[in-house]
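Each value in this text was obtained by applying a stated rule to the coordinates, not by laboratory testing. As the structure is a prediction and not an experimental result, all values here were calculated from the model. Methodologically, a virtual Cβ is constructed for each residue, glycine included, from the backbone with ideal geometry; neighbour enumeration extends over all protein chains shown.
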Amino acid sequence: MALNFNHGTVQYRERMAQVKDFGNLHINGYTPTDIDFIYDVRGEVFIIGELKSAGARLPMGQLRMLTGLMNGLMQAGKEVLVLVGEHDTDPSENIDVGNVCVTDSWHSQDGAIIRMAYNGKTIKEASEAFLDA
């Protein structure tokens, strides 16, 4: 089950840089979080990714959301890979997401969650390896 990474054109580039203000979305003390990318491969396999600047930590709320999403998908019988990648791209430049280095990962395997198996690979390498497993 191969993914085609060659069609990743940016649509609505000016909207990508637009800041989303969640200040008016505090609900019972919580604020939203986001996911940088997610693949839904035929409703059976999910690859979820988050990108961080070099040295930035994954906030606890975002970690809780990513692992909770993973657990829910696994309970529904889906295969899941969660990737966290780190980059040092200047804010004025595009981030080449496929070549971002994976610094943390979790994936489902026979109903268990395996951590860090894809660390050190690029996002593209990790995604392809997971799909080929």
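For this structure, a couple of remarks:
- Straight-line cross-link reach from Lys121 at under 13 Å between alpha-carbon atoms covers these aspartates and glutamates, not counting any fewer than eight positions away in the same chain: Glu86, Asp104.
- Around the Cα centre of region 26-132, unit charges on the Cβ atoms of Lys, Arg, Asp and Glu (plus for the first two, minus for the last two) sum to a dipole of about 420 debye.
- The chain - share of DSSP beta bridges that are antiparallel (%, nearest 5): 65 percent
- Listed by chain and number, the lysines whose C-alpha is less than 18 Å from the C-alpha of Lys124, apart from same-chain residues fewer than 8 away, are Lys52.
- Its convex hull of Cα atoms gives the chain a direction-averaged projected area, equal to a quarter of the hull surface, of 9.3 nm².
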